[in-house]
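Contents: one structure, followed by commentary.
The values are calculated or read from the model by the stated rules, or taken from the named source; none is laboratory data. Computed from a predicted structure; not experimentally measured. Quick reminder, even Gly has a Cβ in these numbers, built from the backbone with ideal geometry, and neighbours come from all protein chains shown. For the accessible areas, the whole protein counts, side chains as well, though only heavy atoms, and no ligand, DNA or RNA atoms are used. Shrake-Rupley method; radii C 1.70, N 1.55, O 1.52, S 1.80 Å.
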Amino acid sequence: MADQYFVGWGTLALINAGLAQGKNRSGLNWFFLSLLLGPIATLIIVVWEKLPEQKDLSQ
């Protein structure tokens with residue numbers, strides 16, 4: 001039963017990383033934050049507005 005808990009928590013962290021990247025935020029940072037906060041991190045990601053895209057100035 002405990003193994004299912006860890007698999008579910010890890011899956012939630014991966015989903016949160018994808019949601020964060022969709023809102024132009026760091027997926028890796030949100031993955032690790034989600035490992036600590038779990039569903040609370042999901043709520044924060046969903047509520048926050050999408051960041052504006054950064055323009056590429058290397059051209």
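Below are the figures for this structure:
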read-out	value
Test: residue in the range 20-28 that is at pLDDT 90 or above, open to solvent by less than 60 Å² (accessible area, probe 1.4 Å) and over 11 Å from the mean Cα position of the chain (by Cα)	no
Output for the range 1-19, where each listed residue is open to solvent by 60 Å² or more (accessible area, probe 1.4 Å) and within 8 Å of the chain's Cα centre (by Cα)	14, 15, 19
In the range 25-59, the residues that are part of a loop (DSSP other than H, G, I, E, B) and under 29 Å from residue 5 (Cα atoms)	25, 26, 38, 48
Pair list, Cβ < 6 Å and 6+ apart or interchain, from the range 11-36 residues that are under 18 Å from residue 50 (Cβ atoms) to residues that are among the polar types (S, T, N, Q) and surrounded by fewer than 19 Cβ atoms within 10 Å (Cβ to Cβ)	16/42; 27/21
Residue list for the range 43-59, filter: modelled with pLDDT of 80 or more and either of a type in the set (Asp, Glu) or closer than 13 Å to residue 21 by Cα (or both)	45, 46, 48, 49, 50, 51, 52, 53
